[in-house]
Structure formats: C-alpha cells, structure tokens
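Novice: Below are the structure tokens for one structure; questions will follow.
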C-alpha cells in the first residue's frame, strides 16, 4: 500500500505541476517543472515495479475475477508508465534545449492524458485491493467466531 501511495502522490504532483505551469505559460517555470519531473522519475522507476511485484506475489495463481482484472489493469499501467517516461524525457529536452511549441504542447497534452489514465487505473486497483482485503478480514473474523 505504501508503494501505491507514493506512486499516486508522485504522479499527482507531476500532473498538477505540469498543468499549473502550462496554464500560467511561464517558460522558465515550465523548464523548471520539466527538470523536476525528470530528476524525480527514479521514484516512479522504483515504486511502479514494486506495485507489480507485490501484486503478483499476493495474487499467486488465483482465478478470482477481481484479481484478474487488477492484473489486466497493471499491464496497462505498465505500458502507460513506459509512455510517460518517454514523454517526461522528451518534454524536458524539448523545453530546455528545443522549443516550447505545438509539438511540445501536443506531447504535454498526451502526458496529461496518460497520467490521468494511470492515476485512474491505480486508484481502481487500490480500491479493488481494499475490498479484497476487507473481505478476507471479514471471512477470518467469521471463521474465528465459530470456534
């Protein structure tokens, strides 16, 4: 759950900071935010695999429909994450060594869209995980109360 929280907070911070500076239109702020995002990417490069690994270990070989949905969402989270890493690097270099133009803006919009998709998918997985763990606790209490 810690890795989920760190990932959500990091992606939310990236998203909010990017959106605010883009709306302000301050080129210096845009460059600073893109630098910040690039230099803090390792946080996501650590937390996202931890999410996948712990999720797979907890799931095991189960055929539970909720867990299978979570696994499918993790595939999309992973693929979106790869796209987001590429976009973060591209936007950093474009802002700092190229141009803040239509190409930059298009990539920025794509980054915001993929970011919100990942936040939504991670949120759906977290919610499903909480429901699963609540159900497991309820079953344990019910079984224990029989004895």
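Novice: Compute the length gained on full extension between residue 64 and residue 116: take 0.36 nm times their separation in residues and subtract their Cα-Cα distance, giving the result in nm to one decimal.
Specialist: On the way: separation 52, 0.36 × 52 = 18.72 nm, distance 2.70 nm.
Full extension of this stretch gives 16.0 nm more.
Novice: Calculate, in nm to one decimal, what residue 78 and residue 109 gain on full extension: separation in residues at 0.36 nm each, minus their alpha carbon distance.
Specialist: Here the answer is 9.2 nm.
Novice: Which stretch or stretches of segment 36-74 have amide N atoms under 14 Å from the point lying 7 Å from residue 124's Cα along the Cα→Cβ direction?
Specialist: In segment 36-74, the label zone of residue 124 (backbone N under 14 Å from the point 7 Å along Cα→Cβ) covers 66-74.
Novice: Post the alpha-carbon centroid distance, segment 41-66 to segment 86-104, in whole angstrom.
Specialist: Distance between centres, Cα-based: 31 Å.
Novice: If one takes the longest principal axis of the Cα atoms in the chain, at what angle in degrees, from 0 to 90 and to the nearest 10, does the Cα axis of helix 2-24 lie?
Specialist: That helix lies at roughly 30 degrees to the long axis.
Novice: Let me ask something else. What do the square roots of 5 times the Cα gyration tensor eigenvalues come to for the chain, in whole Å, largest first, as semi-axes of the equivalent ellipsoid?
Specialist: Working: eigenvalues 288, 37, 28 Å².
Gyration-tensor ellipsoid for the chain: 38, 14, 12 Å.
Novice: Taking the 0 to 90 degree range and rounding to the nearest ten, how far is the long axis of helix 102-146 tilted relative to the main principal axis of the chain, both from C-alpha atoms?
Specialist: With rounding to tens, the tilt is 10 degrees.
Novice: Can you sort 15, 97 so the residue with the fewest Cβ neighbours within 10 Å comes first?
Specialist: Values: 15 18, 97 8.
Lowest to highest Cβ neighbour count: 97, 15.
Novice: Using all Cα-Cα distances in segment 1-78, what percent lands in each 5 angstrom bin from 0 up to the longest?
Specialist: P(r) for segment 1-78, in whole percents per bin: 3, 14, 20, 18, 14, 11, 9, 6, 4, 2, 0.
Novice: Where does helix 65-97 land angle-wise versus the long Cα axis of the chain, in degrees 0 to 90, nearest 10?
Specialist: Helix 65-97 and the main axis of the chain meet at about 20 degrees.
Read-outs: derived from the displayed coordinates by stated rules, not from any lab. From a predicted model like this one, the values you see are computed outputs, not experimental measurements. Here the Cβ is made from the backbone with ideal geometry for all residues, glycine too, and neighbour counts use every protein chain on show.
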